[in-house]
Amino acid sequence: PRSREDSSRAARRVARLLRGAMFKSLSAVQKALGALPAAMEPSRVNGKWHAPRFSRRKLAELRKAALGFDLPWDWDRERKPVREREPKGHKHDRERPMREAKIAAALAKQPELVAAYRAKRKIVPTTLERLT
């Protein structure tokens, strides 16, 4: 059996939990729990869909109240596992090796392109270029 002090402590805990909540009394919580799980699912009536009787917010308050009154709560949904992925990073970091390869290939073609340009324009090489 609980002592008087324990029961008053539990009552204060429940009152603190339910401050501002819509399910403040044990009877209201029990009545709402009696309507579950049908009240938490959308229903189809005469070919038309109706919203659930309890929204997700009201269900969260009902869960909190039920656990506060030490009543069983069996309607938690299983959560999906969190996907562990490596961060994408910045685009310029990801594409840097491709850009460097492209620049290296362009620099390798550069002497041929300069020679073709000079042949087309008939540019005479400078003395310095002739010596090297």
* Asked: Got at least one residue in the range 17-30 being open to solvent by less than 90 Å² (accessible area, probe 1.4 Å), part of a helix (DSSP H, G or I), assigned by the TED database to the domain that holds residue 7 and without any contact (Cβ under 8 Å) to a residue 40 or more places away in the chain?
  -> yes
The residue that is nearest to residue 33 (Cα to Cα), considering only those in the range 77-108 that are open to solvent by less than 100 Å² (accessible area, probe 1.4 Å) and either modelled with pLDDT under 90 or among the small types (Gly, Ala, Ser) (or both), is 89
For the range 53-69, pairs from a residue that is more than 13 Å from residue 36 (Cβ to Cβ) and open to solvent by less than 50 Å² (accessible area, probe 1.4 Å) to a residue that is part of a helix (DSSP H, G or I) and among the polar types (S, T, N, Q), with Cβ under 8 Å and 6 or more apart or across chains, are none
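Yes or no, residue by residue, for (1) over 30 Å from residue 9 (Cβ atoms); (2) small (Gly, Ala, Ser); (3) at pLDDT below 90:
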residue	(1), (2), (3)
31	no, no, no
34	no, yes, no
53	yes, no, no
62	no, no, no
73	no, no, no
Flagged in the range 31-52 as surrounded by 14 or more Cβ atoms within 10 Å (Cβ to Cβ) and over 27 Å from the mean Cα position of the chain (by Cα), in numbering order, are 32, 33, 36, 39
Here the qualifying pairs (Cβ atoms under 9 Å; residues six or more apart or on different chains; first in the range 103-121 and of a type outside the set (A, V, I, L, M); second open to solvent by 90 Å² or more (accessible area, probe 1.4 Å)) come out as 118/124
Do we find that residue 87 is assigned to a helix (DSSP H, G or I) and either in contact (Cβ under 8 Å) with a residue 12 or more places away in the chain or on the phi < 0 side of the Ramachandran plot (or both) in this structure? no
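The values are calculated or read from the model by the stated rules, or taken from the named source; none is laboratory data. Note that the structure is a prediction, hence the values are computed from the model and not measured. Counting neighbours? That spans all protein chains shown, and the Cβs are built from the backbone with ideal geometry, glycine included. For accessibility, only protein heavy atoms count, side chains too; no ligands or nucleic acids. Shrake-Rupley method; radii C 1.70, N 1.55, O 1.52, S 1.80 Å.
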